[in-house]
Amino acid sequence: MYDIVVIGSGGAGLTTALFAKELGKKVLVVTKQYPTEAQTCMAQGGINASLSPNDSIELHIQDTLNSSYQLADKEIVEKVCSSAPEVVKWLDRIGVPFNREGKNLALRKLGGASAPRACFAQDYTGLKILHTLFDNALKVGVEFLNEHFLLNLIVEDGQAKGVTLLDIKTSSVKEVLAKSVVLATGGFSKIYGKFSTNGYGAFGEGLSSALRAGAKLSDLEFVQFHPTSLKNSSILISEAARGAGGKIVDSSGKRFCDELATRDRLSREIYKKLEEGDKVFLDITHLGEEFLLSNLPQEIKLAHIYEGVDPLKEPIPIKPAAHYTIGGIDVDKELNTSIKSLYAVGECANTKFHGANRLGGNSLLEVIFFGKEAALKAGEEENVIKSGYEQLQRDEKFINALFNFPNKIDFWERGEFLSKVLYHNCGIIREEENLKGVLSLIRQQQRELKFMGLKDKSRVYNSELVRFLEYGNMLELSEALVISALSRKESRGAHFRKDYPNLKEEFSAHSVIFKKEDVLHLEFKKNGKD
């Protein structure tokens, strides 16, 4: 048994584990892949902190609140932004190789910021932070359990007792018991399939397992689309390229937008241009070879490999793609969920820091700041753990049954089709009739699930089994997402309704969705209100 089991090995999970270990706790980090493959590496541009004489904590707070469209919790924003300089100094101390200008950390300006405040490591910032955290976790002896897929939470009398896991290598089911469970599983943007910047696997099993266990989710309708992903592969081109002076142009070479507008506005401008039948490009040729190779080497390589384009000489074809899920498991100011001894942190949690639209550079700040908070809170738990929880037997029975499901309908094909429909109808621009159509499609696929099965009957490294489980989570979260989008009859931040284009004061509240007797229910809740 462990004091804390952390599900997820990205920036949030590793930070939680590091600080938990420092507190003398017995901690286990569970990951379905390997720690260095987490989505944190997708955060390329930088981590925000007010470190310049031309900037201030007050400006950082105001930029974050302005970007949130009145939906961020001011108390949370003030707390996180005020702590940002110390967060960056801690990362610097443990070895993150930030770029420097002399003795000072170099800073770049990202979209929505009123001053340069993003500390960066070339265009590999998230990756460098992730590797540094992992190195430090290994040094202090954090225990890892790799290649294990989260199935369900073990909950008794409203309190989390641990988790059930699928051993991907053997297809066997295991339980891990702990005094507290910290979900750090990342977001669910991969439900948009080929229209997402996320790597393979970001289907939101943390959110799905929490929802099934009785926890509440909130603000799922706020999915942030990154304005600059590669046209064909949806691989991210960092906001740093625009922060350095990159231009967004149409097929005639004409600029048509503010490149440093917030991501929601910029994504809509680009999407509309594409819907008109035009093409859109990111032009960084004028920045010069020396600057580009020094500051944006990853972007240069990605454009070469995946688009066959040389960014030193020609513009890069782009489109917006699903990048970050702002909503998540609903938590209070101390990261408590609605289930005792269960905490959530990072992209899978809704801390009310981002509101309706995330400011570039704030995601890495959030995962580090709240990772420490999660360790402090989870480390205080007193929880009586016994043996013989029924969840293990239920999940063993379910996994064994999957191998006998009829394979009459191809779930791979269904999943790809749903991803495309979600992008065009519950993506950057939404309206009622289309959303209702998507909801009908999701429920049809849910009914068909019992007719879908596995072609591969092997028990060893059965990737089809994992993908089937992810598809099930995708259906669960897609339904919750579309219901949330239908219920918010306004436009606010990352949620834009063509039929309700204006912001409405009555919706200055968080959408909260939960299951009651296996039926989804939604209500709106103001900040600070039960």
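The values are calculated or read from the model by the stated rules, or taken from the named source; none is laboratory data. A quick note: this is a predicted structure, and the numbers were derived from the prediction, not measured. As a convention, Cβ positions derive from the backbone with ideal geometry for all residues, glycine included, and neighbour counts pool all protein chains shown.
Computed values, structure above
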| read-out | value |
| --- | --- |
| Test: residue in the stretch 413-425 that is of a type outside the set (Phe, Trp, Tyr) and closer than 20 Å to Leu150 by Cβ | yes |
| The one condition in (1) within 13 Å of the chain's Cα centre (by Cα); (2) under 19 Å from Arg212 (Cα atoms) that Ser341 fails to fulfil | (1) |
| Test: residue in the stretch 430-441 that is within 27 Å of Ala321 (Cβ to Cβ), touching a residue at least 40 places away in the same chain (Cβ under 8 Å) and not in a helix (DSSP H, G or I) | yes |
| Selection count, the stretch 465-506, where residues are in contact with a Phe, Trp or Tyr (Cβ under 7 Å, 6 or more places away or on another chain) and within 18 Å of Ile429 (Cα to Cα) | 9 |
| Pick from the stretch 210-226, criterion within 16 Å of the chain's Cα centre (by Cα) and not aliphatic (A, V, I, L, M), ranking: surrounded by the most Cβ atoms within 10 Å (Cβ to Cβ) | Phe222 |
| From the options Ile57, Ile47, residue that is buried (at least 19 other Cβ atoms within 10 Å of the Cβ), in contact (Cβ under 8 Å) with a residue 12 or more places away in the chain and not polar (S, T, N, Q) | Ile47 |
| Contacts under 7 angstrom Cβ, first residue in the stretch 447-475 being in a helix (DSSP H, G or I) and at pLDDT 95 or above, partner aromatic (Phe, Trp, Tyr) and surrounded by 13 or more Cβ atoms within 10 Å (Cβ to Cβ), 6 or more apart | Val466/Phe149; Phe468/Phe411; Leu469/Phe149; Glu470/Phe203; Tyr471/Phe411; Asn473/Phe203; Met474/Phe203 |
| From Leu14, Leu28, residue being of a type in the set (A, V, I, L, M), outside the structural domain of Ser238 (by TED's automatic domain parsing) and surrounded by fewer than 24 Cβ atoms within 10 Å (Cβ to Cβ) | Leu28 |
| Residue in the stretch 62-103 that is surrounded by the most Cβ atoms within 10 Å (Cβ to Cβ), counting only those that are in contact with a Gly (Cβ under 7 Å, 6 or more places away or on another chain) and of a type in the set (A, V, I, L, M, F, W, C) | Ala72 |
| Enumeration of residues in the stretch 100-116 that are part of a loop (DSSP other than H, G, I, E, B) and in contact (Cβ under 8 Å) with a residue 24 or more places away in the chain | Lys109, Leu110, Gly111, Gly112, Ala113, Ser114, Ala115, Pro116 |
| Selection from the stretch 459-509 of residues that are under 28 Å from Arg265 (Cα atoms), aromatic (Phe, Trp, Tyr) and surrounded by fewer than 20 Cβ atoms within 10 Å (Cβ to Cβ) | Tyr500 |
| Some residue of the stretch 138-160 being in contact (Cβ under 8 Å) with a residue 12 or more places away in the chain, among the aromatic types (Phe, Trp, Tyr) and surrounded by fewer than 23 Cβ atoms within 10 Å (Cβ to Cβ) | yes |
| Residue ranges of strands (runs of 3 or more DSSP E) in the stretch 230-337 with at least 3 members over 28 Å from Gly371 (Cβ atoms) | 247-250, 280-283, 316-325 |
| In the stretch 378-389, residue nearest to the chain's Cα centre (by Cα) [restricted to those that are surrounded by 19 or more Cβ atoms within 10 Å (Cβ to Cβ) and of a type outside the set (A, V, I, L, M, F, W, C)] | Gly379 |
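Table: residues versus (1) in contact with an Asp or Glu (Cβ under 7 Å, 6 or more places away or on another chain); (2) free of Cβ contacts under 8 Å to residues at least 12 places away in the same chain.
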site: Gly246; (1), (2): yes, no
site: Arg263; (1), (2): no, no
site: Leu274; (1), (2): no, no
site: Asp278; (1), (2): yes, no
site: Glu290; (1), (2): no, yes
site: Ile300; (1), (2): no, no
site: Asp310; (1), (2): no, yes
site: Pro320; (1), (2): no, no
site: Ile329; (1), (2): no, no
